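The values are calculated or read from the model by the stated rules, or taken from the named source; none is laboratory data. A quick note: this is a predicted structure, and the numbers were derived from the prediction, not measured. Ideal geometry is used to build each Cβ from the backbone, glycine not excepted, and the neighbour counts take in all protein chains shown.
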Amino acid sequence: SQQGEEDPQALSIQEGENATMNCSYKTSINNLQWYRQNSGRGLVHLILIRSNEREKHSGRLRVTLDTSKKSSSLLITASRAADTASYFCATTPSGNTGKLIFGQGTTLQVKP
Amino acid sequence: ETGVTQSPTHLIKTRGQQVTLRCSSQSGHNTVSWYQQALGQGPQFIFQYYREEENGRGNFPPRFSGLQFPNYSSELNVNALELDDSALYLCASKTPGPNEKLFFGSGTQLSVL
């Protein structure tokens, strides 16, 4: 079974608005990553945050990690229609490099 | 562009048949992993290969097997196909070292009838 739970399952916003997606996981981790998937195609890596980090930025992306609550959030600011995709969090369990455990994903629709 | 290519892009098989899916990674990516993604779900880890040996496996039966070759290509083989094997199969590679970032191919969509 998958470790991650993502919330919400689906999100619809207008262009220019911010989008926030949340992820919870069950076990201790080495790091947490966020990936994007367009229309059932391959996944593209967005950002990685290590277990000893609390916040990370990359362009319009901001990721937070709270290991005490076993949760993470992804914020996309000033969204664009091209951001429409599914977003997945993925964790690397402690002591288990290489294997990623994915959440079920959040489907984001950005309306022009 | 991730530099990881998979073939074929689509495949239709019948129950009980065998299938081989192929993946070509970037030069220098000596770790490859395979994931199964059912419709509407996140990818699930099948197994990982490092330097041509399996070094990690998810909760998949032995009829799922793999190979990794010295030229950075790999295969996923599934025997005795079942209807529930219908899914998108994703190959991912990564560079040597502790970097956990994966580069994914576009996947093979397998339909089992």
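Out of (1) among the polar types (S, T, N, Q); (2) assigned to a loop (DSSP other than H, G, I, E, B); (3) surrounded by fewer than 17 Cβ atoms within 10 Å (Cβ to Cβ); (4) more than 10 Å from chain B (Cβ to nearest Cβ), the odd one out for A:Asn96 is which? Here A:Asn96 clears every test but (4). Residue-level check: of (1) more than 24 Å from A:Ala85 (Cβ to Cβ); (2) more than 8 Å from every other protein chain (Cβ to nearest Cβ); (3) buried (at least 16 other Cβ atoms within 10 Å of the Cβ); (4) more than 12 Å from the chain's Cα centre (by Cα), B:Glu52 misses just (3).
Residue-level check: of (1) farther than 27 Å from A:Leu32 by Cβ; (2) modelled with pLDDT under 95, B:Val78 misses just (2).
Filter segment A:1-43 down to the residues that are within 22 Å of A:Gln109 (Cβ to Cβ), among the hydrophobic types (A, V, I, L, M, F, W, C) and either under 10 Å from the mean Cα position of the chain (by Cα) or surrounded by 15 or more Cβ atoms within 10 Å (Cβ to Cβ) (or both) and list them by number.
A:Leu11, A:Ile13, A:Ala19, A:Met21, A:Cys23, A:Trp34, A:Leu43
Looking at A:Arg62, is it in a loop (DSSP other than H, G, I, E, B) and without any contact (Cβ under 8 Å) to a residue 40 or more places away in the chain?
On the way: in a loop (DSSP other than H, G, I, E, B): no; without any contact (Cβ under 8 Å) to a residue 40 or more places away in the chain: yes.
Here the answer is no, as A:Arg62 does not meet what is asked.
If you filter segment B:60-113 down to residues that are outside any strand (DSSP E or B) and of a type in the set (Gly, Ala, Ser), you find that the one that is surrounded by the most Cβ atoms within 10 Å (Cβ to Cβ) is B:Gly105. Segment A:1-59 holds strands (runs of 3 or more DSSP E) entirely within its bounds, and those carrying 1 or more residues that are farther than 17 Å from B:Gln37 by Cβ and among the small types (Gly, Ala, Ser) map to A:10-14, A:19-24, A:55-58.
In the set (1) within 17 Å of A:Tyr35 (Cα to Cα); (2) surrounded by 14 or more Cβ atoms within 10 Å (Cβ to Cβ), B:Asn30 fails one condition alone, (1). Mind checking whether some residue in segment A:79-87 is surrounded by 14 or more Cβ atoms within 10 Å (Cβ to Cβ), at the interface with another protein chain (Cβ under 10 Å from one of its Cβ atoms) and either on the phi > 0 side of the Ramachandran plot or touching a strand residue (DSSP E or B) at 6+ places or on another chain (Cβ under 7 Å) (or both)? Looking for residues that are surrounded by 14 or more Cβ atoms within 10 Å (Cβ to Cβ), at the interface with another protein chain (Cβ under 10 Å from one of its Cβ atoms) and either on the phi > 0 side of the Ramachandran plot or touching a strand residue (DSSP E or B) at 6+ places or on another chain (Cβ under 7 Å) (or both), one finds at least one in segment A:79-87, hence yes.
Using the structure shown, decide if B:Leu76 is out of contact with any Cys (no Cβ under 8 Å at 6 or more places or on another chain) and among the aliphatic types (A, V, I, L, M).
On the way: out of contact with any Cys (no Cβ under 8 Å at 6 or more places or on another chain): no; among the aliphatic types (A, V, I, L, M): yes.
No, not satisfied.
Selection of segment B:2-40 for residues being within 14 Å of chain A (Cβ to nearest Cβ) and on the phi > 0 side of the Ramachandran plot yields B:Gly3, B:Gly40.
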